[in-house]
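Let me begin by presenting the structure, written as structure tokens, before commenting on it.
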Amino acid sequence: MGKDLPDLLKPFEGRLNPCNELTFSLQTVNAEAVKGAFASKGEQSASASSNDCGAGSGSSGRRCLPSKNQALIMGGAFVDTTFILDEMPVRGGDSYARVEKIRVGGCAWNVAHVLRILGQRPGVLIPVGDGPNSELVSARVRKDGYDESSMVIVRDSTYDCAQCMCFVDREGERTFIAVPGIENHMKSSWLQRIDFTGHKVIYLCGFDLCGDNAMVYAQELANRMDMDALLFIDAGARVNHIGKEGFDLLMSLKPMLHLNLMELEMMSGTKDIAAGLDYLESLTSRPVVLTLDRYGAMASWKGKFYYFPVTPAPVVDATGAGDCHSAGIISRLMHGENLASAIVFGNQLGGLSIGQYGARLHLPDHFGM
């Protein structure tokens, strides 16, 4: 494969492993949870019911229960406005643009949408504040078939839902300006009624973890998430704004990290891809998935590296491609497939996404799932 590697992966020549050897799956997480529960409780665990792996015991009180076979997607929903223009103006300059569409988006909402059109019914938790953006978000959530149980509605909030302006140039590259909202001001009390148990995968995005938010989510998950659940974190472009204490607690929950090259450098402090992946895996003891734009994706696990190339395709708009990639991985893991198969499917969905405007993916009629 060496001669086919893109330049940025030349340092991995001779170090890449066959993709079918990336066998990590949700069964791996479950086996670790069972082993950990028995190791921590010793003989007492060995005599416990297989449906109760120490509920309420220890510092976390997490339970190992039969799965409800669904993912839980948590995070903010934005009002997205997409502008199409030839090129971004220089500072002090100007440029004509057209509004492509105004939609409800945000990483968590995009991931949930893709899972739904793939036939899954994820649990969704969206904070909804008070204001015009919140009204649009609430209406979209209901239109997509969710009810108020999927929203944390804070009508007396001083915060509206967020707004994001996305500028797409003629090469499909995106530039974002975001006005943050209620999703950056989460409170533990808002999460108290949420049942974190019974979910195989729990999704969070770095955009929703800035500042003290990370600790709010991390404490609730540490206390109430099932031991055999996989925490899946999309890094996001503001991952370096996550508070250290909350970040450290989240990493202790052994999340799978999904990120791009820019986010890898921000999280690891190095431009060396191998060193960065090794560092992040040392924090989580889980596979790390790295997207490489037109070159596909790669993953690291247990000190080994795997590369998943793609066939280059024209880019119309790359908005939401990473969310589609994440959703593809989550979908296949939920179906019991291994991470190698999941990344290949994520590459397929990402490839479809870049051929469409906006982050809300539409599957073609001929698409096979």
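The table for this structure:
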quantity: Gained length - Val34 relative to Ile177, 0.36 nm times residue gap less alpha-carbon distance; calculated: 47.0 nm
quantity: Per-peptide average of other Cβ atoms within 10 Å, ordering 14-21, 119-126, 228-235 highest first; calculated: 228-235, 119-126, 14-21
quantity: Spread of Cα-to-Cα distances over 20 Å intervals beginning at zero, given as percent, for the chain; calculated: 29, 59, 12, 0
quantity: Filter on Lys35/Lys302; Lys254/Lys304; Lys35/Lys187 - keep pairs with C-alpha separation over 23 Å; calculated: Lys35/Lys187
quantity: Coil-residue trypsin sites (Lys or Arg not before Pro) of region 276-369, DSSP, other Cβ within 10 Å capped at 13; calculated: Lys302
quantity: Loop-located chymotrypsin sites (Phe, Trp or Tyr not before Pro) in region 74-112, at most 13 other Cβ atoms within 10 Å (DSSP); calculated: Tyr96
quantity: Probe 1.4 Å, all protein chains present, accessible-area order of Val34, Val111, largest first; calculated: Val34, Val111
quantity: Modelled FRET efficiency - R0 30 Å, Lys101 with Arg155, Cβ distances, 0.05 increments; calculated: 0.60
quantity: Per-residue HN-Hα couplings for region 99-107 [Karplus 6.51, -1.76, 1.60; θ = phi - 60°; Hz; x = Gly/Pro]; calculated: 7, 6, 5, 10, 9, 8, x, x, 4
quantity: Reciprocal of mean inverse Cα separation for region 79-221 (Kirkwood radius, Å); calculated: 16.7
quantity: Where a label projected 7 Å from the Cα of Gln219 along Cα→Cβ would reach, residues of region 153-192 with amide N under 16 Å; calculated: 185-192
quantity: Approximate spin-label separation Ser285-Met88, in nm, with each point projected 7 Å along Cα-to-Cβ; calculated: 4.1
quantity: Interchain or long-range residues, amide H under 5 Å from Gln163's placed H; calculated: Val79, Val179
quantity: Under 5 Å, built H, 5+ apart or other chain: amide partners of Val128; calculated: Val152, Ile153, Val154
quantity: Separation in nanometres of the label points that stand 7 Å from Cα toward Cβ, at Met165 and Glu21; calculated: 5.0
quantity: Mean Cβ count within 10 Å, highest first, over the residues of peptides 333-344, 140-151; calculated: 333-344, 140-151
quantity: Centroid-to-centroid separation of region 129-190 and region 270-287 [C-alpha atoms, Å]; calculated: 32
quantity: Unit Cα scatterers, Debye sum, region 181-276: log10 I(q)/I(0) for q = 0.10, 0.25 Å⁻¹; calculated: -0.26, -1.39
quantity: Surface share of carbon and sulfur [accessible, 1.4 angstrom probe, percent] for the chain; calculated: 51
quantity: Spin-label pair Ile117/Val310, simplified geometry with 7 Å Cα→Cβ offset, distance in nm; calculated: 1.5
quantity: Over the chain: helical MRE at 222 nm, DSSP H runs n ≥ 4 each giving -39500 (n - 2.57), nearest 500; calculated: -9500 deg cm²/dmol
quantity: Candidate aspartates and glutamates - alpha carbon under 19 Å from Lys10, same-chain residues fewer than 8 apart omitted; calculated: Glu265, Asp272, Asp278, Asp293
quantity: Cα-based Rg / Dmax (Å) for region 241-369; calculated: 15.0, 47
quantity: Extension gain, Arg294 back to Ile194 (0.36 nm per residue minus Cα-Cα distance, nm); calculated: 32.2 nm
quantity: Average accessible surface area per residue within the chain, 1.4 Å rolling probe, Å²; calculated: 45
quantity: For Val104, distant residues with modelled amide H under 5 Å away; calculated: Asp80
quantity: Region 348-364 and region 228-258: distance between their alpha carbon centers, rounded to Å; calculated: 26
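The values are calculated or read from the model by the stated rules, or taken from the named source; none is laboratory data. Note that this is a predicted model, so its numbers are computed, not measured. Note: ideal-geometry Cβ built from the backbone for every residue, glycine included; neighbour counts use all protein chains shown. The protein model used for the area step is the full one, side chains on, heavy atoms only, and it has no ligands, DNA or RNA in it. Shrake-Rupley method; radii C 1.70, N 1.55, O 1.52, S 1.80 Å.
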